[in-house]
1. So, in the stretch 182-197, how many residues would count as being touching a residue at least 24 places away in the same chain (Cβ under 8 Å) and assigned to a helix (DSSP H, G or I)?
2. Among (1) more than 19 Å from residue 243 (Cβ to Cβ); (2) in contact (Cβ under 8 Å) with a residue 40 or more places away in the chain, where does residue 59 come up short?
3. Give the residue, chosen from 215, 253, that is surrounded by fewer than 15 Cβ atoms within 10 Å (Cβ to Cβ), within 16 Å of the ligand (Cβ to nearest atom) and free of Cβ contacts under 8 Å to residues at least 24 places away in the same chain.
4. If you take the residues of the stretch 237-250 that are part of a helix (DSSP H, G or I) and near the ligand (Cβ under 9 Å from one of its atoms), which of them is modelled with the lowest pLDDT?
5. Quick one: count up the residues across the stretch 172-202 that are surrounded by 13 or more Cβ atoms within 10 Å (Cβ to Cβ) and at pLDDT below 80.
6. Can you name every residue in the stretch 226-236 that is surrounded by 15 or more Cβ atoms within 10 Å (Cβ to Cβ) and more than 8 Å from the ligand (Cβ to nearest atom)?
7. When the stretch 198-228 is examined, which residues are found to be within 21 Å of residue 127 (Cα to Cα) and in a helix (DSSP H, G or I)?
8. Kindly indicate which of 37, 46 is touching a helix residue (DSSP H, G or I) at 6+ places or on another chain (Cβ under 7 Å), within 29 Å of residue 216 (Cβ to Cβ) and within 16 Å of the ligand (Cβ to nearest atom).
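The values are calculated or read from the model by the stated rules, or taken from the named source; none is laboratory data. Bear in mind the structure is a predicted one, so any value in this text is a computation, not a measurement. Note that each Cβ is placed from the backbone with ideal geometry, even for glycine, and that neighbours are counted across all protein chains shown.
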Ligand code: SF4
C-alpha cells in the first residue's frame, strides 16, 4: 500500500462545502435508505462484529443514546453536505455504498469521514485502520486500485481523545484551529485488495453462521479487533464499548466490568 497527502483533493471538497454554505448549491438529502437484514461492508468491515449480530438477533434493539445520535448525525450531515451517495452494489453477498457518486478526477471512489482526532498528527493508516479496510473493500467491489480519503476534523488541532507522548496541542507556534480538512490518496496492489476481500468474506461467513445459529461470534475474534487503550497502570479502556447501544446487555462488556477474563 502507498498513501500520501493530497491537498488538491481537500481543496475541492472545501470548495464544495463553501458553495453550499454560501448558498450556491443545495444538498437536501441526508436520510439513510432502510437497509433491512442485508449485510453491508460497514457490518463486516467495522470494529465489532457483535454489533451487527445483536442488531439482527435481538427482539429489542436499544435506541441510540443522545451523544451517539449527535455524533452520527454530525458525520452524516458533513458527508451529505459535500457529496451525493452512490447507488448500492452487491459483491459476493456484501452490499456497499460509496460516499460520492461524482468524485473528482482521477478518482472513482472518494470516502468522506469526520472525526474528533486532532488534525495535525493524524495518520489514517495508524489511527483508523478500519477506514482503510473498508476503503479496500470499496476498491475491490468497484474494480479500482486507487481512492481518495477526505477527512473533516471536527475539533481542528485541539487535543484529541488519544494524544501520544511528545505531541503537543496545538503544535508549538500554531494557533488553535477549531476545524479543518485534510485528504489523502490511497493506492493498493490487486493482491492487497484480494487478500482484504477474503478477510471480509471470512467475517461475513462468521456473522451469517452466528446469526443463523443464534450463537455469538467467538470472544477472541471480537477482542482481537476491539480498539483498546492501555493506561500506564495497565488498565484497559475499550472505548468503542463506551458509546455502544448494546453495552448494557453485551457479555463482553460484562466480563470486562466484572473482571472475568475473556482472553487467555
Ligand atoms: S459493548 Fe463492545 S463488544 Fe459489546 S457489542 Fe458493543 S462494541 Fe461490541
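1. Step one: list which residues in the stretch 182-197 are touching a residue at least 24 places away in the same chain (Cβ under 8 Å), which gives 182-190, 192-194, 196-197.
Still in the running and assigned to a helix (DSSP H, G or I): 190, 192-194, 196-197.
Qualifying residue count, the stretch 182-197: 6.
2. Going through the list (1) more than 19 Å from residue 243 (Cβ to Cβ); (2) in contact (Cβ under 8 Å) with a residue 40 or more places away in the chain, residue 59 breaks only (2).
3. 215
4. Just the residues of the stretch 237-250 that are part of a helix (DSSP H, G or I), to begin with: 239-242, 247-249.
Still in the list and also near the ligand (Cβ under 9 Å from one of its atoms): 240-242, 247-249.
Numbers: 240: 85, 241: 86, 242: 81, 247: 86, 248: 84, 249: 85.
The residue in question is 242.
5. Of the residues in the stretch 172-202, 0 are surrounded by 13 or more Cβ atoms within 10 Å (Cβ to Cβ) and at pLDDT below 80.
6. Going through the stretch 226-236, the residues surrounded by 15 or more Cβ atoms within 10 Å (Cβ to Cβ) turn out to be 226-227.
Correct list: 227 only.
7. As a first pass, look at the stretch 198-228 and keep what is within 21 Å of residue 127 (Cα to Cα): 199-200, 221-228.
Answer for the stretch 198-228, where residues must be within 21 Å of residue 127 (Cα to Cα) and in a helix (DSSP H, G or I): 199, 200, 221, 222, 223, 224, 225.
8. Working: 37 fails: within 16 Å of the ligand (Cβ to nearest atom).
The conditions single out 46.
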